[in-house]
Amino acid sequence: MVGSGAAGSVFAGYLSRGGADLTLVDPYREHMDKIAADGLTFVVNGDKTYQLDGFKTAYDAEKIGIMDIIIFMTKTQQLGAALKTAAPAIGPDTVLVSLMNGLGNEEKLAQVVPPGRILYGNGVLGTELPEPGKCISSPSAEGLQMNFGALERTELSVAAGECLEKLFNDGGCPAKFWDDVSHHYWQKIITNCVFNPLSAILRMQCKDIFKDVSGAGLATAVASECCAVATAAGCEMDASAFFKDLAKMASGGSIEEYYPSMAQDVLIHQRQTEIDTLNGAIVRYGKKYGVPTPCNDYVTKTIKCIQKNYSKQYQG
C-alpha cells in the first residue's frame with residue numbers, strides 16, 4: 001500500500017482482516033513507527049475496534065522488494081513521484097492498482113506497465129486518521145463499498161482483481177471486481193466533485209449542504225455538468241436520478257456528518273488538495289468533449305485560490 005494515510009490505512013485494515021500480507025508505505029514517520037511497534041488500531045462505524053498486527057512498514061517504496069500487487073493511495077498530485085520511488089518494487093508480473101480519488105490515475109499507471117497489469121476503481125467509505133496508528137472507517141451506506149475493474153482484462157489482471165475482491169470481502173468490506181467498472185467509477189468521481197469542494201468552500205457537513213436551498217442548488221449545478229461530461233466520455237449518467245441518490249446519501253448513513261477529505265485538507269491541515277483531478281479534470285474533459293462546465297470551473301478556481309493563500313486568510 002503506497003500511501004498509507006487515512007484511506008490507505010482503512011483499505012489496508014480491511015485487506016489485513018481478509019488475510020493479506022501487507023507492506024505499508026508512507027512518509028508519515030510517526031504513523032509508520034506506531035504501526036510497526038503496536039499494530040494498527042482499526043475502527044469501523046465508530047463502535048467496532050480491531051487491533052491489527054503483522055504489517056511491514058517503510059517510509060518509501062525503494063527497498064521493500066518486488067511486490068505481487070501495489071495499491072497506490074497517495075494524493076493524486078504525488079502519484080508521479082510515488083511511481084518513480086516504487087520502481088524497484090515493480091517486477092515483470094506486478095499488478096498496479098489505483099483506488100484513489102479523481103480522473104486519470106490509471107493513465108499514469110499505464111505509462112509504467114502495460115494496461116493488462118492495471119486495476120482501477122474507488123471506494124465509497126469515509127476515512128479518517130485521527131492520530132498515528134489509528135484509522136476510522138465510515139461506510140457510506142449498505143451495499144458495495146469498493147468497486148474496481150481492469151484497464152485491460154488479462155489472465156494476470158483478472159487473477160489480481162479476483163484476489164483483491166476476496167480479501168476485501170473476507171475483511172468485512174463488500175467489494176466487487178467488475179467486468180466494466182466505468183459506471184461505478186464515474187459515480188464516485190461525481191460524488192466527490194460535489195461533496196469535497198462544496199464542503200471545503202462552505203465549511204459545512206454534507207447533510208447541511210443539502211438542507212440549504214442555495215447549497216442544494218450549487219450541488220445540482222456541479223452534478224449536472226459532471227453527468228454531462230461522463231455521458232460525453234461514453235458512460236451515460238442520468239443527472240436527475242444521480243442527484244436523488246446523492247441527496248439520499250447526504251441525509252442518511254454515516255456520511256451525513258462527515259467532512260470529506262478535501263474539507264479536511266482545507267479546514268484542518270491547510271494543504272494542497274486533489275481539485276485538479278476532480279472538478280479540474282471535469283473542466284478539462286468538458287473542453288475535450290465540448291461540454292460547458294462553468295460551475296465546475298468556478299469551484300476549481302475557488303479551491304485553488306484558497307489552497308494557494310492559506311497564510312493570507314483570516315486567522316481570528
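Here is a yes/no grid of residues against (1) surrounded by fewer than 17 Cβ atoms within 10 Å (Cβ to Cβ); (2) assigned to a helix (DSSP H, G or I); (3) assigned by TED's automatic domain parsing to the domain that holds residue 47:
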site: 130; (1), (2), (3): yes, no, yes
site: 135; (1), (2), (3): no, no, yes
site: 138; (1), (2), (3): no, no, yes
site: 143; (1), (2), (3): yes, no, yes
site: 165; (1), (2), (3): no, yes, yes
site: 168; (1), (2), (3): no, yes, yes
site: 190; (1), (2), (3): no, yes, no
site: 195; (1), (2), (3): no, yes, no
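Can you find a residue that is among the basic types (Lys, Arg), exposed (fewer than 15 other Cβ atoms within 10 Å of the Cβ) and under 24 Å from residue 136 (Cβ atoms) anywhere in region 266-275? Scanning region 266-275 turns up at least one residue that is among the basic types (Lys, Arg), exposed (fewer than 15 other Cβ atoms within 10 Å of the Cβ) and under 24 Å from residue 136 (Cβ atoms). Between 278, 267, the distinction of being in contact with a Cys (Cβ under 8 Å, 6 or more places away or on another chain) and of a type in the set (A, V, I, L, M) belongs to 278 only.
Applying the criterion of at least 3 residues that are among the aliphatic types (A, V, I, L, M) and in the same structural domain as residue 162 (by TED's automatic domain parsing) to the helices (runs of 4 or more DSSP H) found wholly in region 1-120 leaves 6-17, 29-38, 79-85. Of the residues making up region 271-316, those that are in a loop (DSSP other than H, G, I, E, B), modelled with pLDDT under 95, among the polar types (S, T, N, Q) and closer than 19 Å to residue 196 by Cα are 272, 273. Of the residues making up region 52-63, those that are surrounded by 15 or more Cβ atoms within 10 Å (Cβ to Cβ) and within 15 Å of residue 171 (Cβ to Cβ) are 52, 55. Scanning region 225-238 for residues that are surrounded by fewer than 18 Cβ atoms within 10 Å (Cβ to Cβ) and assigned to a helix (DSSP H, G or I) yields 231, 232.
Screening region 26-51 for residues that are surrounded by 20 or more Cβ atoms within 10 Å (Cβ to Cβ) and free of Cβ contacts under 8 Å to residues at least 40 places away in the same chain and picking the one that is nearest to residue 121 (Cα to Cα) gives 26.
The values are calculated or read from the model by the stated rules, or taken from the named source; none is laboratory data. Computed from a predicted structure; not experimentally measured. Neighbour counts run over all protein chains shown; Cβ positions are idealised from the backbone, glycine included.
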